[in-house]
Amino acid sequence: MLVRLIRAYLRPYTRTINVIVLLQLVQTLATLYLPTLNADIIDDGVVKGDTGYILVVGGQMVAVTLVQIVCAVGAVYFGARTAMALGRDIRADVFDRVQSFSAREMGRFGAPSLITRTTNDVQQVQMLCLMSFTLMVSAPIMCVGGIAMALNQDVPLSGLLLLIVPVLGITVTLIVRRMRPLFRDVQERIDTVNRVLREQITGIRVIRAFVRDGHERKRFTGANTALMDVSLRAGRLMSLMFPTVMLVVNLSSVAVVWAGGHRIDSGGMQIGALTAFISYLMQILTSVMMATFMFMMVPRAEVCAERVQEVLDTGTSVVPPLRPVAPLASADGGRGLLELRGVEFRYPGAEEPVLRDVSLTAHPGRTTAVIGSTGSGKSTLLGLVPRLFDATDGSVRLDGVDVRDLDPAVMTRSIGLVPQKPYLFSGTVASNLRYGKPDASDEELWQALETAQARDFVEAMEGGLEAPIAQGGSNVSGGQRQRLAIARALVLRPSVYLFDDSFSALDYATDARLRAALADETGNATVVIVAQRVSTIRGADRIVVLDEGRVVGSGTHGELMTGNQTYREIVLSQLTEQEAA
Amino acid sequence: MSTSSPAPRRGPAPAAGPGRFMGGQPVERSMDFRGSGRRLLGALRPERGIAFAVLALCTVSITLTVLGPKVLGHATDLIFAGIVGRQLPEGATKAEAVQHLRDGGQGTVADMVASMNVTPGQGIDFGAVGTVLLWALGLYVVASLLNLIQARVATNVVQRAVFRMREDVEQKLARLPLSYFDKQSRGEVLSRATNDIDNIQQTLQQTLSQIMASLLTLVGVLAMMFWISPLLALVALVTVPVSVLVATRVGKRAQPQFVQQWKTTGRLNAHIEEMYTGHALVKVFGRERESAEIFRAQNEKLYEAGFRAQFISGLIQPAMTFIGNLNYVLVAVVGGLRVASGALSIGDVQAFVQYSRQFSQPLTQVASMANMVQSGVASAERVFELLDAEEQTPDPEGPVGPRTVLGQVEFEDVSFRYQPDTPLIEGLSLSVSPGQTVAIVGPTGAGKTTLVNLLMRFYEVSGGRITLDGVDAATMPREELRSHIGMVLQDTWLFGGTIAENIAYGSEGASHEAIVEAAKATHVDRFVRTLPDGYDTVIDEEGSNVSVGEKQLITIARAFLSGPSILVLDEATSSVDTRTEVLIQHAMASLRTGRTSFVIAHRLSTIRDADVILVMESGRIVEQGSHDALVAAEGAYARLYAAQFAEPVAEPE
């Protein structure tokens, strides 16, 4: 998963990566060349007592060092650029993908999880990449280069490498292979421990109320012990790593001196090569260690990559139309005739559908209300109109066009939704009101506020229209939020208004005033109201009663009161018999 | 993830990474570095014996390791002596040979040979070389073994300490009064209990033994270098201040870049958070393009800032390598000259080269760990603050009341205040007979929730007392008191588990049938069956796969199943629509028989059926009685009723 993700996103930067590899190659070779020069100093300078030669070669060494740093800096430069670009590109794709999601996919992942995936998880992958460019690329070069340089010094002595390198490689591979699943475990168990703690803190009242402290403590200690167990196992394996690698290398240097001594004795090798050889051994060791450290970062990044890839692999269930259709009357936003025909909505794999065989027509200039219990599918039904979901069967039509074929631009202009949770964006009152219609004049805004019964409190706010709104609208009360959300839809002047239980946070008096003002404002538009309060909807032209995803009745308040048992139950639960009459 | 912009969930790479100049976190300065650092080390106290053993093992192991190159160098000297010796005429003494060289004009070589231990005419003495190498072999084997033991033991010490710290924090959380969680934001407490401890674990794991090893190595290597050649040692020492200077210089430049990177990250995350949370609105209002444009611009800025931060801080590593290489060159040249002049043996130069390699590495490590230690101690400080917070009064031992209670509840002149000077509830008296339903009504901030919190002893009364069947609640262990009370709260807390597990939360060992029965009684069953996995549907952490109303229903089912003597419903049904509420009320009515119930609700239908209605205003009960009686009294309740519930009558349509 990790490799697939990184490979796919690095493709546009192939050339830069080649440059990085080249720079790392030169840089590494320069580093590797130094011991060879040092050997020259010993063999041709020291042994022969040629001071001048020592200084000349010393100068060469300085030059090589300069080449090394220039290349190293270059590698860091391009490495950082490419890794950051990779992060940027993945982030952008994830963001675009999430934006294309329907409410169904949003619900499946959950907004918080998607936020983590777009930010933190991408960051992890990006960090791994950066480390790879600076460390991992140079490690194998260093290893191979070290071996090559050793061969260059003395071929027979290098025979020792045939023994040393495999031993080192096998040791490290064995340890790393066992370590990877352990690290994964550690990560998972840390997440478990933190999750338990998070639940304990957020659920503290419930835990105390249900006297579950003991249970929670056991649960936590269990998770904590599991974490310690696996951390200890990982730690022990870890502590095996360093001493073992050190031992192999140190023993090798002993072997090199012994074997090298014999080579020198037989006249096959010069003394300087011995020192150089040990230096190369050290370098090979360093590269192996670096590679190992990299491997430790991998499991974590792997999990992150999987989570990111999951988002990228998820298609939206609401596909934009291939050939968008704009209804004839769409120039002024259409008339707003809304029809549902035999609509079914079912979550994939669910035992029962949320909506089944729902048919209804909402006419322009009329108010259609939908009432029903929690889970009866009211909100889902509204969501089908602006295509937050797509029906799994049947069709939703706006002015005679299936919404799945409707030009998204026309759709946006035609529909004003006030959601159940009146979310506001950070900015100002005005920026929120203009959300659907960026070029609305202040006058239009005030008028919408007036209708939404929000004028008074906005005027009282410091800055009026320009008063700041915090993220989510947390600096205004629930009722104010709801009225601003209503005003936001009003500014749009759409042909279809969808109110999803949008009056619940208002007291009865404000609710009544608002609805009266709304009636004047919405005029010829189609109004669909989902509500739980009977008083909110009893004046509607038509009331549709939903129960367990089915339409069980429709008509005016009076008609339903006499003819519909479900409706009567709802009404009577809220009003006394004599009030309802 | 940090949740907030999602608190960046930093998991550990449980191992030491190479030079951590990657700038994972903005460094937080701690308030009292010394005190907190000492206390953090104190967390290791139960293992202090072992910790000292670790230190001792580490010292021995490093001493041995440090001796290695010197011994190897000696072997090289022997080899070199052998080569040189072979070239000298056999039978002559060393002095004669040196003289001979000098006469031949090879002055420099003569100097060198003079300082060597050669026997002219004799080749390499492999016996001696072998002995020396065996010594080196022994040194390395023992050093590695000790190192291995040391590392294992150190891991144990750190893991145990962190385990204990987590346990301490968890137990502390259970002893903290609820008021603590009201004053501190939950996210803040959470962050201390999770992120900060993670950070401490990482810091201890990665730095404790490494810093020790690095410092010891530094000292050992330096000692060896001075022993071999004070001149070369001084040459190597020059690199220390240079390294430090470069590291701090570059670090200082990188710091503002990191700040910039975190700032832009924060801004981008905020935008992402808003767009994802308001996803439906973005779609319906057709603002995808604008949102994408803002994202693109911020993302681009982050790219630039991130690049600058990573590039500048990334320079440290090559710079250090560069200094190391320069040092190497210096040692090679100066060493070469010294050997040529006979002041130094060739084996010593070889050893020195190895030493100088070993020297720069721990230096870089210590420098890069300074940041980590800083942030680790800052985290420790935040955890200690949590551990030092004032606890609630301890519970008396053992049960004091009867196993089952009737549910007679008395509030006797109860007063409560959060802050000493602002009383919240004063002189509240109330008597509830077993089986009665009490509806508590009143405007926001009237103290309705506080009343219930006092009953549950989430808060302790400041004056007066609350009795349960005549027993003072304050003398009962909290657990005993709460076991008699079932509660449905305003915030619908569910834990990450299946729906079935959540319903059974208050009733350990409940059968599946009992769970389904409770679910049916509270209308959870119907929507559970529309979910793909039914009762086995896992509710994720945010509970985003069930709606608010559904969550509330589950919490009601939970209280239903636990079957307590007293029920507390805290606006529980406010986000369930009225029709479902009626059905629940039917279920609740049967549940309520023989149980004392306190209901905080705004709905008329809930209130009307209550035996007693308490009307609260600013912490006092201003009226008490049945619906009809209170309406007839034309007091506060009648006004409230007219304002909130009577509107449908006033507005005939």
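Some values worked out for this structure:
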| quantity | calculated |
| --- | --- |
| Estimated FRET transfer efficiency when R0 is 41 angstrom, pair A:Thr221-B:Ser433 (beta carbons, to 0.05) | 0.45 |
| ³J(HN,Hα) computed for each position of the stretch B:532-539 - Karplus, 6.51 cos²θ - 1.76 cosθ + 1.60, integer Hz, glycine/proline x | x, 9, x, 5, 8, 4, 7, 7 |
| Under 20 Å from A:Lys437, Cα to Cα: aspartates and glutamates that are on another chain or at least 8 residues apart | A:Asp332, A:Asp407, A:Glu450, A:Glu466, A:Glu521, B:Glu274, B:Glu288, B:Glu290, B:Glu293 |
| Solution diffusion estimate, µm²/s, Stokes-Einstein, the stretch B:65-144, Kirkwood Rh from C-alpha pairs, 10 °C, viscosity 1.306 mPa s | 117 µm²/s |
| Förster radius 41 Å - calculated FRET efficiency between A:Glu188 and A:Thr51, Cβ distance, rounded to 0.05 | 0.05 |
| All aspartates and glutamates inside 15 Å of B:Lys70 as judged from Cα atoms, apart from same-chain residues fewer than 8 positions distant | B:Asp348 |
| Per-pair calculated FRET efficiency, R0 = 51 Å: A:Thr316 and A:Val155 via Cβ, rounded to 0.05 | 0.25 |
| Gap separating the Cα centres of the stretch A:149-176 and the stretch A:337-378, nearest whole Å | 72 Å |
| Loop trypsin sites (Lys or Arg not before Pro), the stretch B:77-179 (other Cβ atoms within 10 Å of the site Cβ: 12 or fewer; DSSP) | none |
| Ranking of B:Val162, A:Val46, A:Val544 by count of other Cβ atoms within 10 Å, fewest first | B:Val162, A:Val544, A:Val46 |
| Distance between the stretch B:327-397 and the stretch A:304-323 - C-alpha centres, whole angstrom | 47 Å |
| Under-5 Å amide H pairs with B:Ile613, H placed in peptide plane, nonlocal only | B:Ala439, B:Gly625, B:Ser626 |
| Rough spin-label spacing in nm, given labels placed 7 Å along Cα→Cβ, for B:Asp103 and B:Lys252 | 6.5 nm |
| Distance histogram for the stretch A:155-268 (every C-alpha pair counted, 5 angstrom bins, percent rounded to whole numbers) | 2, 10, 14, 12, 10, 9, 8, 7, 6, 6, 5, 4, 3, 2, 2, 1, 0, 0 |
| Neighbourhood charge, 14 Å Cβ-Cβ cut-off, centred on B:Ala81 and excluding it, Lys, Arg +1 and Asp, Glu -1 | -2 |
| When each of A:Lys48/B:Lys94; A:Lys421/B:Lys448; A:Lys421/B:Lys520; B:Lys183/B:Lys551; B:Lys172/B:Lys448 is checked by Cα-Cα distance, pairs over 20 Å | A:Lys421/B:Lys448; A:Lys421/B:Lys520; B:Lys183/B:Lys551; B:Lys172/B:Lys448 |
| Hz values of 3J(HN,Hα) by residue in the stretch A:45-54 - Karplus curve (6.51, -1.76, 1.60), Gly and Pro given as x | x, 5, 4, 8, x, 9, 4, x, 4, 4 |
| For A:71-81, mean number of other protein chain Cβ atoms within 10 Å | 5 |
| Cα principal axis extents for the stretch B:33-387, largest first, Å | 101, 51, 30 |
| 10 Å binning of all Cα-Cα separations within the protein assembly as shown, expressed as whole percents from 0 upward | 2, 8, 14, 17, 16, 13, 10, 7, 6, 4, 2, 1, 0, 0 |
| For the stretch B:41-89 and the stretch B:286-325, distance of Cα centres in Å | 43 Å |
| Under 5 Å, built H, 5+ apart or other chain: amide partners of A:Asp393 | A:Glu344 |
| 15 Å beta-carbon shell around B:Arg160, net charge (K/R +1, D/E -1) | +3 |
| Label point distance in nm, B:Glu96-A:Ser100, each placed 7 Å from Cα along Cα→Cβ | 9.4 nm |
| Distant-in-sequence amide H partners of B:Leu567 (H built 1.01 Å from N, under 5 Å) | B:Gly486, B:Thr596, B:Ser597, B:Phe598 |
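Every number here is computed from the coordinates shown, using simple stated rules; none is lab data. Worth saying up front: this structure is predicted, and the values here are computed from it rather than measured. Here Cβ is always computed from backbone atoms with ideal geometry, including for glycine, and neighbour counts include all displayed protein chains.
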